[in-house]
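Down below is the structure, laid out as structure tokens.
The values are calculated or read from the model by the stated rules, or taken from the named source; none is laboratory data. As the structure is a prediction and not an experimental result, all values here were calculated from the model. Using ideal geometry, Cβ is built from the backbone for each residue, glycine included, and neighbour counts are taken over all protein chains shown. Heavy atoms of the whole protein, side chains included, go into the accessibility calculation; ligands, DNA and RNA do not. Shrake-Rupley method; radii C 1.70, N 1.55, O 1.52, S 1.80 Å.
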Amino acid sequence: MSELLVSGGQVLLPDLSVERADVLLDRDRGEIVDVGDVSGGDDELDAGGGLVIPGLVNAHTHVAMTLLRGYADDKPLDAWLQEDIWPVEAELTAEDVRAGATLGLVEMLKSGTTALNDMYFFMPEVVDAVEESGMRARLGYGSITVGRDDDAAREEMRDGLAFAREYDGAADGRIRTAFMPHSLTTVGEAYYREFVSEAREAGVPIHLHANETTDEVDPIVDEHGVRPLKYAADMGLLESEDYLAHGVHLDDGEIDLLAERSAGVVHCPASNMKLASGMAPVQDLLDAGVPVGLGTDGAASNNDLDMFDEMRDAAMLGKLAADDASAVDAESVVEMATRGSAEILGFDSGRIEPDANADLAVIDLDAPHLTPAHDLVSHLVYAARGSDVRHTVADGQVLMRNREVTVFDEQGVRERASERAQALVERAE
Ligand SMILES: N[C@@H](CCSC[C@H]1O[C@@H](n2cnc3c(=O)[nH]cnc32)[C@H](O)[C@@H]1O)C(=O)O
Ligand SMILES: [Zn+2]
């Protein structure tokens, strides 16, 4: 058995207390062996002066959109997608997605993220990038039927299902899949009614954008006479393994429905603020017992993939949304970004205890902006940043050691992504 000892640090335990402890990982099984006064291991990571946390889990992104970071800002969702994003995405190639996804994975692992959810194009390229990265991911092809004739629409839905079936369990189980119809307004009712049952037969969860803007809510209420999540449930969605991105414009009945079904909501505060989509009722979701995760959405509507920024945004926006400074407190947010997101994605990660996945990050506390250390959980949310991460480990493998990425040539990844991004936008002009 090959073991890695993460020694000398303080450890964030599952109850969110912090204790001086060492962590022993099994690199073959990719699991945590023991936490406490442990020794051994044939390799060691120095966590001295640092805080060991569960690897952060980005539960909603479009990771190859790093290519479009800064390409189109300062617009609401519909105009942003219709006028800028979808026209340039029509020019995407598989190589572009491989380059953009790899850049996003490097950005993530350098900032302590060890698992993600991704919905995009050319998903086999994302599979290869995730496999190479050593990270964990729930992946799906984003199916859109609106604007397509019936044959093309069916092909979109079949492609989404085929991808989910073919790649579930890839990368020795680090990759899981989901059926990802883009949203309740970009996929027609008939296609949901035909294909949701096939996803159930395939045994994969369903992930979609929902209730992100009022433009996604009003048309459904007007056409179907019910709220979007009632419409979704009537089509067989909202099972406990399903999870929605955004959930901004929810009424009490929809929150109750999510709680009854235990369907997850991935909160994307930066995207919601940047696109002026609205303020999600996160504290109400937490109070109702709805599973809540945290996601950055794409780097073109954030514009980074730093989950420390996202935790801070969630805590700040949640207080404004609730008109209550005690709402969405630091502990709730750390839970969202670790165990909450992990459980929504179906990963046994997000906590540092024996038998959990060996996915963790070590944060260097030796910095003015992390001094003094009254409360390290507070620091995680209100002061720390991705660049404070010293080491990142996923599945028991060291992906970054002392800020040096071990699984990619970082400089080459950045150069290739820049070249592909430039050529992409030139093709779209
Ligand atoms: N087969 C689909 C691919 C969709 S992938 C997922 C899509 O979600 C888009 N996207 C990115 N951010 C958001 C968001 O916040 N809400 C809805 N869609 C988004 C993204 O640009 C991409 O077009 C097609 O032909 O368009
Ligand atoms: Zn999205």
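State yes or no: is ALA263 over 20 Å from PRO76 (Cβ atoms), more than 16 Å from ligand 1 (Cβ to nearest atom) and touching an Asp or Glu at 6+ places or on another chain (Cβ under 6 Å)? Outline the logic, then answer.
Details: over 20 Å from PRO76 (Cβ atoms): yes; more than 16 Å from ligand 1 (Cβ to nearest atom): yes; touching an Asp or Glu at 6+ places or on another chain (Cβ under 6 Å): yes.
Considered against the rule, which asks whether it is over 20 Å from PRO76 (Cβ atoms), more than 16 Å from ligand 1 (Cβ to nearest atom) and touching an Asp or Glu at 6+ places or on another chain (Cβ under 6 Å), ALA263 comes out as yes.
Look through the stretch 41-70, keep the residues that are in a loop (DSSP other than H, G, I, E, B) and away from ligand 2 (no atom under 16 Å from the Cβ), and return whichever of them is farthest from LEU380 (Cα to Cα).
Our first condition is that a residue be in a loop (DSSP other than H, G, I, E, B); within the stretch 41-70, this holds for 41-42, 47-49, 55, 62, 69-70.
If we keep only those that are away from ligand 2 (no atom under 16 Å from the Cβ) too, we end up with 41-42, 47-49, 55, 70.
On the way: GLY41: 28, ASP42: 30, ALA47: 16, GLY48: 17, GLY49: 15, GLY55: 12, GLY70: 27 Å.
My answer is ASP42.
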With the requirement that a residue be at negative phi, assigned to a loop (DSSP other than H, G, I, E, B) and within 16 Å of ligand 2 (Cβ to nearest atom), what does the stretch 290-309 give you? GLY295, THR296, GLY298, ASN302, ASN303, ASP304, LEU305
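What number of residues within the stretch 34-79 are of a type outside the set (Asp, Glu), free of Cβ contacts under 8 Å to residues at least 40 places away in the same chain and not assigned by the TED database to the domain that holds ASP96? Please lay out each step first, then the result.
Of all residues in the stretch 34-79, those of a type outside the set (Asp, Glu) come to 35-36, 38-41, 45, 47-72, 75-77, 79.
In the following step, the residues that additionally are free of Cβ contacts under 8 Å to residues at least 40 places away in the same chain were identified as 36, 38-41, 79.
Those left that are additionally not assigned by the TED database to the domain that holds ASP96: 36, 38-41.
Of the residues in the stretch 34-79, 5 are of a type outside the set (Asp, Glu), free of Cβ contacts under 8 Å to residues at least 40 places away in the same chain and not assigned by the TED database to the domain that holds ASP96.
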Please tell me if ARG193 is touching a Leu at 6+ places or on another chain (Cβ under 8 Å) and open to solvent by 10 Å² or more (accessible area, probe 1.4 Å). no
Does ASP366 satisfy being modelled with pLDDT of 95 or more, assigned by the TED database to the domain that holds GLN397, farther than 30 Å from GLY70 by Cα and surrounded by 24 or more Cβ atoms within 10 Å (Cβ to Cβ)? no
Would the stretch 79-98 turn up any residue that is crowded, with 21+ Cβ neighbours inside 10 Å, closer than 30 Å to ASP28 by Cα and within 21 Å of the chain's Cα centre (by Cα)? yes
From the list VAL38, VAL6, pick out the single residue that is of a type outside the set (Gly, Ala, Ser), open to solvent by less than 50 Å² (accessible area, probe 1.4 Å) and assigned to a strand (DSSP E or B). VAL6
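Just to check your reading of the model, which residue among LEU294, LEU286 is open to solvent by less than 20 Å² (accessible area, probe 1.4 Å), in contact with a helix residue (DSSP H, G or I) (Cβ under 8 Å, 6 or more places away or on another chain) and modelled with pLDDT of 95 or more?
Criteria check complete, one pass: LEU294.
Among the listed residues PRO181, PRO205, PRO219, PRO228, identify the single one that is open to solvent by 10 Å² or more (accessible area, probe 1.4 Å), at pLDDT 95 or above and within 16 Å of ligand 1 (Cβ to nearest atom). Walk me through how you get there before you give the answer.
Values: PRO181 fails: open to solvent by 10 Å² or more (accessible area, probe 1.4 Å); PRO205 fails: within 16 Å of ligand 1 (Cβ to nearest atom); PRO228 fails: open to solvent by 10 Å² or more (accessible area, probe 1.4 Å).
Being open to solvent by 10 Å² or more (accessible area, probe 1.4 Å), at pLDDT 95 or above and within 16 Å of ligand 1 (Cβ to nearest atom) holds for just one of PRO181, PRO205, PRO219, PRO228, which is PRO219.
For the stretch 274-283, which positions are more than 18 Å from ALA325 (Cβ to Cβ) and surrounded by fewer than 21 Cβ atoms within 10 Å (Cβ to Cβ)? Reasoning before the result, please.
Quick first cut of the stretch 274-283, residues more than 18 Å from ALA325 (Cβ to Cβ) only: 274-278.
The answer is ALA276, GLY278.
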Please go through the stretch 52-78 and give me each residue that is more than 9 Å from ligand 1 (Cβ to nearest atom) and surrounded by fewer than 24 Cβ atoms within 10 Å (Cβ to Cβ), ordered by number. ARG69, GLY70, TYR71, ALA72, ASP73, ASP74, LYS75, PRO76, ASP78
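Which members of the stretch 11-29 meet the condition of being touching a helix residue (DSSP H, G or I) at 6+ places or on another chain (Cβ under 8 Å) and surrounded by fewer than 21 Cβ atoms within 10 Å (Cβ to Cβ)? Quick ask: steps written out before the conclusion?
Here is the first cut: in the stretch 11-29, the ones touching a helix residue (DSSP H, G or I) at 6+ places or on another chain (Cβ under 8 Å) are 12, 14, 16, 18.
The answer is PRO14, LEU16, VAL18.
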Per-region count, the stretch 114-140, residues open to solvent by less than 10 Å² (accessible area, probe 1.4 Å) and within 16 Å of ligand 2 (Cβ to nearest atom): 9
Can you spot a residue in the stretch 233-241 that is in the same structural domain as PHE163 (by the TED database), touching a His at 6+ places or on another chain (Cβ under 9 Å) and surrounded by fewer than 24 Cβ atoms within 10 Å (Cβ to Cβ)? yes
Residues satisfying the stated conditions in the stretch 99-128, i.e. within 16 Å of ligand 1 (Cβ to nearest atom) and within 22 Å of ASP348 (Cα to Cα): LEU116, ASN117, ASP118, MET119, VAL126, VAL127
